[in-house]
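See structure below.
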Amino acid sequence: MILVAPLMLTSHTVFMKTLDRYFMAAIAIHVMLSMHICFGEAFTSFIFGDSLVDVGNNNYLLTLSKADSPPYGIDFASSGGNPTGRFTNGRTITDIVDEALGAGSFSPPYLDPNAKQESAILRGLNYASGSSGILDETGIFFIGRISLSKQVSNFEETKFHMVNLMGQRKADELIRRAIFSITTGSNDILSHLQDSFLTSFMDHKLSPSTFQNFLISNMTMQLKRLQNLGAHKILVVGVGPLGCIPIVRALNFVPLGECADQVNAFVRSYNLNLRKMLEKLNQETYPQLPIVVFADPYAIVSRVIQSPHLYGFENAYDPCCVGHFLPFICLGGSQANATTYGLCQDRSKYVFWDAYHPTEAANIIIAKELLDGNHSVISPMNIRGLYNY
């Protein structure tokens, strides 16, 4: 017994140590799997559109439509107040949505040389381009821009790269979970209304309904392309009240406190027809998983403009930053020598940043409504519901 007991003790000790090692290994594997699951479920966002959501793609283009000089980005904390290519003083609507859904960083512009890295693709990419539209010819005056159809083609290239990086199955899964957002149409409508005004004396302009149907037909084509590429969660953002933006009010000599009613009527009609098309598209794919959500910024921004003080604003019509010459672009100089623009004292009190775009303060309100709003502003579900869909 004296010889056996130490042997039994030794065997028991070895067994316990082995068990401990297996136990620790199991914990390590569990932690690794948990980390993998959390990483795999991180929010991924692919963003398409115009200057309302461009985060710097136009910086890489030969174009007149740029936001790469002060005071653009003056309130953008991530850049230390330096311009990034965002057409506002701070964050865009999609920036704010990404933060709210737990994204670790903002989606980089597709044309950024680092955008092809796997870490960037897993986070999502931004394909938006200032002055672009649904139609390829929209924004031609500004020279360089990336139309919606080209943006979708760029995503197609991204998917090809994703498959090479992570394999078909993982790429398809990431795309299936991701939210695809499209914010465009404003430049198409502004260009059409401007052309209609110039050609009204020649009586060969397109009727409003014909042009709207043409826009929506082209939008439908791009949505189906994205669905064929695997997109299951698509957010389409309608057009805001263009008749109230400073450039339109100035060009139409609209009195202070009023908006260009004809322009807004055109936008309301377009949004209504766009919404009907999206509802039809959802019916065609039901009961499969793919879904398209319609967001109505017109309703949100109109409420803010009509009752600015309820939202903390003091000025709902003038731009905070305005250039002195047409088209009143807020550009040039440096923060210390702003000779080509005038800047308001409190940017948080203005709805509009420049002649075309909202301030970060307005973007925050719009983003919150889209995230958690009801069917009066976004349907058939809000963005948070789409994220969990």
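The values are calculated or read from the model by the stated rules, or taken from the named source; none is laboratory data. Please read these numbers as outputs of a predicted model, since none were measured by experiment. Cβ sites come from the backbone with ideal geometry, for glycine too, and all protein chains shown count toward neighbours. Note: areas computed on protein heavy atoms with side chains; ligands, DNA, RNA excluded. Shrake-Rupley method; radii C 1.70, N 1.55, O 1.52, S 1.80 Å.
Some notes on this structure:
- Ranking TYR72, TYR311, TYR60, TYR350 from most to least accessible surface, computed with a 1.4 Å probe over the protein chains only, gives TYR60, TYR311, TYR350, TYR72.
- Taking every alpha-carbon pair within the range 154-193, the share separated by more than 11 Å comes to 70 percent.
- Karplus-based coupling profile of the range 132-139, in residue order and whole Hz: 7, x, 5, 8, 4, 7, 4, x, with θ = phi - 60° in 6.51 cos²θ - 1.76 cosθ + 1.60 and x standing for Gly or Pro.
- Förster radius 25 Å - calculated FRET efficiency between GLU284 and SER376, Cβ distance, rounded to 0.05: 0.50
- For the range 42-388, relative contact order (Cα pairs under 8 Å, six or more residues apart, normalised by length) works out to 18 percent.
- Under the Debye formula (equal points on every Cα, no solvent term), log10 I(q)/I(0) of the range 42-388 at q = 0.06, 0.09, 0.11 Å⁻¹: -0.20, -0.45, -0.69
- Note that the range 42-388 presents 44 Å² accessible area per residue, ligands and nucleic acids not counted, probe 1.4 Å.
- Sites ASP346 and LEU310, calculated FRET efficiency, Cβ-Cβ separation with R0 22 Å, nearest 0.05: 0.80
- With a 1.4 Å probe rolled over the protein heavy atoms of all chains, the accessible area of LEU310, LEU226 falls in the order LEU310, LEU226, largest first.
- Under-5 Å amide H pairs with CYS330, H placed in peptide plane, nonlocal only: GLY323, ALA355
- SER107 sits among other residues whose Cβ lies under 13 Å from its own Cβ, and their net charge, with Lys and Arg +1 and Asp and Glu -1, is -2.
- For the pair GLN194 and ALA42 in one chain, pulling the backbone fully straight at 0.36 nm per residue adds 50.4 nm over the alpha carbon distance.
- Taking a straight line from the alpha carbon of LYS66, these lysines sit under 28 Å away, with near neighbours fewer than eight places off in the same chain left out: LYS116, LYS150, LYS159, LYS349, LYS368.
- For GLY385, net neighbour charge (Lys/Arg +1, Asp/Glu -1) across residues whose Cβ lies under 13 Å away: +1
- Heavy-atom accessible surface of SER209, to the nearest 10 Å², is about 70 Å², with a 1.4 Å probe and all protein chains retained.
- Within-12-Å neighbourhood charge of LEU165 [Cβ basis; K, R +1; D, E -1]: +2
- From the alpha carbon centroid of the range 241-260 to that of the range 108-145 is 29 Å.
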